[in-house]
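Just below is one structure, and these are the notes that go with it.
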Amino acid sequence: MSDKNSNHSDGQSRREAGPCGDAAGTKNFFKVLNLRKSIGEQKILRGVDLNIRRGETMVVIGRSGEGKSVFLKHLIGLMKPDSGSIVVEGKEVVGLKERQLRAVRHKVGILFQDGALFDSMTVAENVAFPLMEAGVKDRTVLLERVGQALDKVELAAHMAKMPINISGGMRKRVALARAIIAEPQCILYDEPTSGLDPVVSESIDRLIRRMQKELCVTSLVVTHDMDSVFRIADRVAYLREGKIYFLGTPQELRNSKDRFVRSFVEGRQIEDED
Amino acid sequence: MVRLIEMTGSLVTRFLRYQGEIAQLMLETLKAFFLGKVRWQLVGQQIVAIGFGSQLVVIVTGAFTGAVFAAQSYFKFSEFGMESAVGAVVSISMCRELGPVLTGLMVAGRVGASMAAEIGTMKVTEQIDALRAMGVHPIDYLVIPRTIAIMVSMPLLVAEAIGFGMVASHIIVVYGFKVPGAWYLNHVIEHTALIDISIGMIKGFVFSIVIVMIACHEGLTANNGAVGVGKGTTAAVVVSSLVLLIFNFFLSLILNYMSPLGSS
């Protein structure tokens, strides 16, 4: 447990300069305090405390069913917590109504686990959707921006296809293009590399990294892909039993002596874990 | 005995909760008309899907209902030498009851099921969450266009069903059973007022709200994957059909009180 506590403080102090100049790394984009959520009888989140700094890439890891995706959905009000506080860029979002959350959601892009592309639209229409909703009507501008976004995920040749006619990995990349096209300040990634081949996974990781470096995008990535964690993370939070059990840098995660952390990182079962 | 009370209580609670949810959806939809953004392109697409897409169903339903009703009425009325009254009976029945109710049931089956399945699938595949994440209110994007479209389409579909029913009955009685056409037509015109057609269209309008609210609610509350979407779709058709029939009874009483049959 001492390991956990020390990692907490080390993780907080690591990136003082931040990746995007002086302002980054010192101000929180998300500030989550004592977040609790139960679904039915099951307690999913049991008091999550986590600050995500502007411009950093925070990776949340944890076993399946630990509530990583639930946590991510809470950040932009897609789920309502039982109690706790979520502050996005200084604005408390818990308790806001659907229409009041609009301003916050426009700052944040999200990549859903299965892409969540609109079945009734082509790839290009899906990617153009956030821009069209933002009021961009010029067809030339739309086509250019859609082309650029799809280029980044290497899918510019598949613009006219329907989501049903492309593979799962391609759907995920289209969803990523949709998440980044409006150039949000923050992008939430729910399992961005699951189901992708290693080459594509690496290219997605590079894209996440590039978004952060070039555009100073704050990223929160939920994943179990440890290769990905070590490639992209500035800091790593390990969610266990509904709480942040470990918070630190990838190096601190790798060097951790805590048996639960080691078990997760090394991908082996703990004998006496109930 | 305790179990019976528990079951009754549970049923009543579920029924009340369902009513509350529908009322809440109606209120949110009403609010969205004023606060939200109406996407007229989507409204147009939905009018095509609901109105134009229901043409075959409505024409066949209206025409064959009018024809069979005229034939049955003729068989009985001819025993008393009242063949000419067939037109009046068919006209009033088609306008006030058969036209709106059968059109409502057909649209509930075709359009209600489609709405519930489409929205339900979007719900279980996180497409609705994706909309919300992009700052688009699902009521604005999914419910409002469908509501406007069905409210415009249904009264017209009812009028169309009535029209085709009348034409079919005329063909059957005049050309099939050789009742003089002028005589038949005169009875139809004499006993049918504008209010009778209006009553059919008013009913169509009310039924449209019933269908769209129940279908959208079933879609928006779908869960448990494909099974949940299937259940929601079935519930949308069954519940909206039953509610439509019950509403029709009360609407008939109210509208007949406001405009009694034969008063015009």
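The values are calculated or read from the model by the stated rules, or taken from the named source; none is laboratory data. A quick note: this is a predicted structure, and the numbers were derived from the prediction, not measured. As a convention, Cβ positions derive from the backbone with ideal geometry for all residues, glycine included, and neighbour counts pool all protein chains shown.
Quick look at the numbers
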item	result
Subset tally (residues that are at pLDDT 90 or above and facing another protein chain (nearest Cβ under 8 Å)) for region A:110-119	6
Among residues of region B:118-154, those that are of a type in the set (A, V, I, L, M), in contact with a helix residue (DSSP H, G or I) (Cβ under 7 Å, 6 or more places away or on another chain), at the interface with another protein chain (Cβ under 9 Å from one of its Cβ atoms) and part of a helix (DSSP H, G or I), counted	5
Odd one out for residue B:84 among (1) modelled with pLDDT under 95; (2) crowded, with 24+ Cβ neighbours inside 10 Å; (3) over 24 Å from residue B:60 (Cβ atoms)	(2)
Test set (1) touching a His at 6+ places or on another chain (Cβ under 9 Å); (2) at pLDDT 85 or above; (3) within 22 Å of residue A:230 (Cβ to Cβ) - residue A:165 fails condition number	(3)
Single unsatisfied condition, residue A:128 versus (1) within 14 Å of another protein chain (Cβ to nearest Cβ); (2) surrounded by fewer than 20 Cβ atoms within 10 Å (Cβ to Cβ); (3) of a type outside the set (Asp, Glu)	(2)
The lone exception for residue A:85 - which of (1) more than 10 Å from chain B (Cβ to nearest Cβ); (2) assigned to a strand (DSSP E or B); (3) buried (at least 16 other Cβ atoms within 10 Å of the Cβ) it fails	(3)
Qualifying strands (runs of 3 or more DSSP E) (wholly inside region A:24-71; at least 3 residues being at pLDDT 95 or above and β-branched (Val, Ile, Thr))	none
Residue selected from region A:58-73 under the condition out of contact with any Leu (no Cβ under 6 Å at 6 or more places or on another chain) and surrounded by fewer than 24 Cβ atoms within 10 Å (Cβ to Cβ), by the criterion nearest to the other protein chains (Cβ to nearest Cβ)	A:73
Test: residue in region A:232-245 that is crowded, with 19+ Cβ neighbours inside 10 Å, in a helix (DSSP H, G or I) and modelled with pLDDT of 90 or more	yes
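Quick grid of which residues meet (1) among the polar types (S, T, N, Q); (2) assigned to a loop (DSSP other than H, G, I, E, B); (3) over 25 Å from the mean Cα position of the chain (by Cα):
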position: B:29; (1), (2), (3): yes, no, no
position: B:34; (1), (2), (3): no, no, yes
position: B:67; (1), (2), (3): no, no, no
position: B:74; (1), (2), (3): no, no, yes
